[in-house]
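A short worksheet on the structure shown next.
Coordinate-derived values only; no laboratory data. Computed from a predicted structure; not experimentally measured. Here the Cβ positions follow ideal geometry from the backbone for every residue, glycine too, while neighbour counts run over all protein chains shown.
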Amino acid sequence: MKVQLLKRTFLSNQTQLISQKIVQWYLDNGRHDLPWRQKVTPYRIWISEIMLQQTQVKTATPYFKSFIKKYPTQKKLSRASEDQILALWSGLGFYRRARNIFKTKEIIKEKYNNKFPKEFHQLLELPGIGKSTAGAIMSLGYRNPHPILDGNVKRVITRLVNQNLNLIKERELWKLSSQFVNKDNCFAYTQGIMDLGATICTPTNPSCKDCPVQNQCASAFNITINKNKRVAKLKKIIPMNLSLIQTKDSLLLVKNEDSSIWKNLWIPFETRSLKNYAGVFKLTSSQEIQHELTHRVLNISLNTYLSESESKINTNKKYKWIKKDRIDQYGLPKPISKVINEL
DNA sequence: AAGTCGTGGGG
DNA sequence: TCCCCAAGACT
């Protein structure tokens, strides 16, 4: 009993020392120029955290800027349509995040009168906000200490205690993460441990010599890089036959409501659904596009057609003739916007 | 609990 | 070239 208590106290001293060192390192060496670190509000933290899920800072930054430019506040966002939000998400990927932002802002409007909720359990109920994102919003947006567990934190803390990230269980990771949380400056700590993971304690070639907690780290200068033990599965190949119809100044696109990939984004018609329009549209080009997703390969056969006018299409799908100069108002998958830009 | 969901970049 | 991974959540 006594030994355990001593052991706990020692561990607590050690984790708090590490936590404080990370805070100090962040204040001196952190990436203070990131856009979501200026004018910190729960709303801005929320948008940034969602955008940064599985997405690198460099990739998310321009999207964050244009999103905040259009919707600087919760109230401004409250009037947005899902289409408008998806338009700002075009090319960023994981589009469910954008659909969930729409759902969440609707809930915040109806249930919280456009005031961002303050309680951890309230955040957890919102679509797209899991335990880690909720913790980040609490620590960063409200300066209310909560653990987070993203890729950076997992890597840093398992290295600190010299455990194998592939073997340690999720709940052990959460337990570890909460031990390091800094009650005095949870903002600097939370930002700091992520910056540390992103810039010093990197997946490969970590620079331990620059690390503020090298003396406390059980694997300093002796990092073993985890190999993914899971065998890479063969990607399923998905054929898509699409027909992009255009007039001089507009494009015919369909809302992709039925598929789980690119759900609610706008894409060209499926070729087979346009069989009856052979005389109406004039084939101008065809091309093969191979587009890789995480688990699939899309083989897109794309035909481009010219139409004299914005014909009415006989279908129950939701389609639109979209003016080319307004195409940026619609959510498009990357390969589709690429093709359209090349027209 | 293993798959699903995008896209870009690094080694 | 190929594999891995990135401020994960959801099913």
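Put simply, the amide H of A:K323, placed in the peptide plane, has neighbours under 5 Å in A:L251, leaving out anything fewer than 5 places away on its chain. Computed from backbone phi with θ = phi - 60° and the Karplus coefficients 6.51, -1.76 and 1.60, the 3J(HN,Hα) list for the stretch A:141-153 is x, 10, 6, 10, x, 9, x, 10, 8, 9, x, 5, 4 Hz; x is used for glycine and proline. Helical content of chain A, expressed as a calculated mean residue ellipticity at 222 nm, amounts to -12000 deg cm²/dmol (DSSP H runs of 4 or more residues, -39,500 (n - 2.57) each, divided by residue number, nearest 500).
Given chain A, what whole percent of its Cα pairs are spread farther than 33 Å? Considering chain A, 42 percent of its Cα-Cα pairs are separated by more than 33 Å.
Taking a ≥ b ≥ c as the square roots of the eigenvalues of the Cα gyration tensor, the stretch A:236-341 is classed as prolate, since a/c reaches at least 1.5 and a/b is larger than b/c.
Listed by chain and number, the lysines whose C-alpha is less than 16 Å from the C-alpha of A:K65, apart from same-chain residues fewer than 8 away, are A:K39, A:K76. Each of A:Y112, A:W262, A:I340 was placed along the dipole of chain A (beta-carbon charges, centred on the mean Cα), and the one lying farthest toward the positive end is A:Y112.
Note on the stretch A:236-341: lysine pairs with Cα distance below 14 Å, sequence gap of 8 or more or different chains, count 12.
Once the chain from A:L17 to A:T55 is taken as fully extended at 0.36 nm per residue, the excess over their C-alpha distance is 10.7 nm. Please name which of A:V231, A:S307, A:Q56 has its Cα lying farthest along the dipole of chain A towards the positive end, using unit charges on Cβ (Lys, Arg +1; Asp, Glu -1) and the Cα centre as origin. Going by the charge dipole, the pick is A:V231. Put the Cα centre of the stretch A:81-133 next to the Cα centre of the stretch A:143-206 and the gap is 25 Å. When the charge dipole of chain A is built from unit charges on Cβ atoms (+1 for Lys and Arg, -1 for Asp and Glu) and taken about the Cα centre, the candidate among A:Q191, A:G93, A:N164 whose Cα reaches farthest toward its positive end is A:N164. Using alpha carbons only, the radius of gyration of the stretch A:294-343 set against its Kirkwood radius gives Rg/Rh = 0.98. Restricting attention to the stretch A:110-199, the count of lysine pairs at 8 or more positions apart or across chains with alpha carbons under 21 Å apart stands at 12. Estimated from the Cβ-Cβ distance and a Förster radius of 45 angstrom, the FRET efficiency linking A:A218 and A:K312 is about 0.05.
Remark: chain A carries a charge dipole of roughly 600 debye about the Cα centre, counting +1 on each Lys and Arg Cβ and -1 on each Asp and Glu Cβ. Taking the DSSP beta bridges with both ends in the stretch A:236-341, the antiparallel portion is around 65 percent.
Rounded to 0.05, the FRET efficiency of the A:Q329 and A:K248 pair, given R0 = 25 Å and the Cβ-Cβ distance, is 0.85. To test your reading of the geometry: what angle, between 0 and 90 degrees and rounded to tens, separates the Cα axis of helix A:96-112 from the longest principal axis of chain A? Result, in degrees: 70. Converting phi to 3J(HN,Hα) with the Karplus coefficients 6.51, -1.76 and 1.60 and the offset θ = phi - 60°, the stretch A:252-263 yields 9, 10, 10, 6, 7, 8, 8, 8, 7, 7, 6, 4 Hz in sequence order, with x at every glycine or proline. Taking the longest Cα principal axis of chain A as reference, the axis of helix A:170-180 is set at about 60 degrees.
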